[in-house]
1. If N11 satisfies every condition in (1) in contact with a helix residue (DSSP H, G or I) (Cβ under 9 Å, 6 or more places away or on another chain); (2) farther than 16 Å from E90 by Cα; (3) modelled with pLDDT of 85 or more but one, which is the exception?
2. Filter region 1-31 down to the residues that are of a type in the set (V, I, T) and over 18 Å from K45 (Cβ atoms), then identify the one that is surrounded by the fewest Cβ atoms within 10 Å (Cβ to Cβ).
3. Could you pull out the residue among I30, I48 that is β-branched (V, I, T) and at pLDDT below 90?
4. For region 76-108: of the residues being touching a Ser or Thr at 6+ places or on another chain (Cβ under 9 Å) and under 15 Å from H9 (Cβ atoms), which is modelled with the lowest pLDDT?
5. Here is a list of conditions, (1) surrounded by fewer than 13 Cβ atoms within 10 Å (Cβ to Cβ); (2) polar (S, T, N, Q); (3) in contact with a Pro (Cβ under 7 Å, 6 or more places away or on another chain), and T38 meets all of them except one; can you say which number that is?
Amino acid sequence: MTTASALLHRNYYIASNIRVFVFDNRVEIISPGSLPNTLTVESIKHGIHIERNPIMVSMVKDIPDIPYRGAGTGIQRILRSCRESGIKVEFINDKEGEQFKVVFYRKE
């Protein structure tokens, strides 16, 4: 998830900010709202998606600087890019904390 994805997919009913933390060994992007409905980390890895903010999603394809490639493709692109770069990535759906976190681990 990029920060653009965090803006697009966050839960706007939760009064919280998108947070980006940079540590020596990792970068974390935390977006308000856990995965919607029946989505799981495993299902999003396979391209299954549910649009939380469909009006925003419909506008993204018209913005030239956002690499939109179609609904449900973002996580797969992240996985592919990280695999090609040798970067470990972890997706955490925190239902209790009502947040979704992506952790990119730096190469050692």
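1. Unmet condition: (1).
2. This residue is V22.
3. Exactly one residue qualifies, and that residue is I48.
4. I78
5. (3)
The values are calculated or read from the model by the stated rules, or taken from the named source; none is laboratory data. What you see is a predicted model; the values in this text were computed from it and never measured. As a convention, Cβ positions derive from the backbone with ideal geometry for all residues, glycine included, and neighbour counts pool all protein chains shown.
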